[in-house]
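The values are calculated or read from the model by the stated rules, or taken from the named source; none is laboratory data. Remember, predicted model here, so these are calculated numbers, not experimental data. With ideal geometry, Cβ positions are generated from the backbone for all residues, glycine too; neighbour counts draw on all protein chains shown. Each accessible area value is taken on the protein alone, full model and side chains, heavy atoms only, with ligands, DNA and RNA left out. Shrake-Rupley method; radii C 1.70, N 1.55, O 1.52, S 1.80 Å.
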Amino acid sequence: MTNTAHNQARKRVAVLISGRGSNMMSLVEASRAHDYPADIVSVISNRPDAPGLDWAGSQGMNTVALDHKAYTTRAAFDDALHAAIEDSDAEIVACAGFMRLMTPELVAKWHNRMLNIHPALLPSFKGLDTHARALAAGVRIAGCTVHIVRPEMDTGPILGQAAVPVIDGDTPDTLAQRILAAEHRLYPRILSLFAADAYDIHQDLAHLRAASLKTTMLFSPET
Ligand code: GRF
């Protein structure tokens, strides 16, 4: 297969970030595998000083900084964001620590084509401060979720989840680190399935065709 044919078979993905960008890095690194079904064609940030943007630039990627403060309305920013995504000919948008609420109009333009990762087992702990709230609730299993974006924050068909134990003595930071390591494994895997058209999506549910579970129970504590 020539390089061109190989690239044509891959889905073009724009990644949206606001900060550190470690999830974006995990997607970029996964996409370097010759058989990965998606190419990261642009990294777009609403914060020009996002460290993740520098990293993406250093990797020779196409980066776009769109300072949301330069736009007087959310709709104007979203129009510019949509145009930037379209400029890269992306077919899929992957939000990875993108800390901006989107207008329903923008979400509608990317209906069933925009993914997000959230550091909790949705539908529990939507929104911010998820780790502190999970600890305050005394959950024994925490985790992260990759889902399709719907207009209401942190809702939408769930594509995949990863679970981690909560350990006695955890602080929001230690729990966040454990969940982040799971995020870095989960997101590339789910994007790979999504880009390979492995899901059927019916309204608010996603169904993975030919899914087979190797385990039937997760325990924490294990004993
Ligand atoms: C991650 O925990 C992600 O789930 C949440 O924000 C954090 C972003 O981290 N939405 P990074 O920028 O990907 O390192």
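A few points about this structure:
- Take the Cβ atoms of ASP35 and GLN177, set R0 to 30 Å, and the FRET efficiency comes out at 0.50.
- Size of charge dipole - the chain - debye, nearest 20, with Cβ of Lys, Arg +1 and Asp, Glu -1, no other charges: 300 debye
- Accessible-area composition of segment 1-110, carbon plus sulfur, in percent [1.4 Å probe]: 50 percent
- Net length gained if the chain between ALA137 and ASP79 were fully extended (0.36 nm per residue, minus Cα distance): 17.0 nm
- Between helix 74-87 and the chain there is an angle of about 70 degrees, using the helix long axis and the longest principal axis of the Cα atoms.
- Oblate is the label for segment 13-114, because a/c, from the alpha-carbon gyration tensor with a ≥ b ≥ c as root eigenvalues, is 1.5 or above and a/b does not exceed b/c.
- Relative packing of 58-65, 189-196, 178-185, which averages over residues the other C-beta atoms within 10 Å, highest first: 189-196, 178-185, 58-65
- Between 0 and 90°, nearest 10: helix 172-195 axis offset from the chain longest Cα axis: 50 degrees
- Taking only Cα atoms of segment 118-211, radius of gyration then Dmax in Å: 13.8, 41
- The chain: calculated mean residue ellipticity at 222 nm from DSSP helix runs of at least 4, using -39500 (n - 2.57): -10500 deg cm²/dmol
- Size of electric dipole in segment 118-211: Cβ of Lys, Arg +1 and of Asp, Glu -1, about Cα centre, debye, nearest 20: 160 debye
- For the chain, DSSP calls about 45 percent of its internal beta bridges antiparallel.
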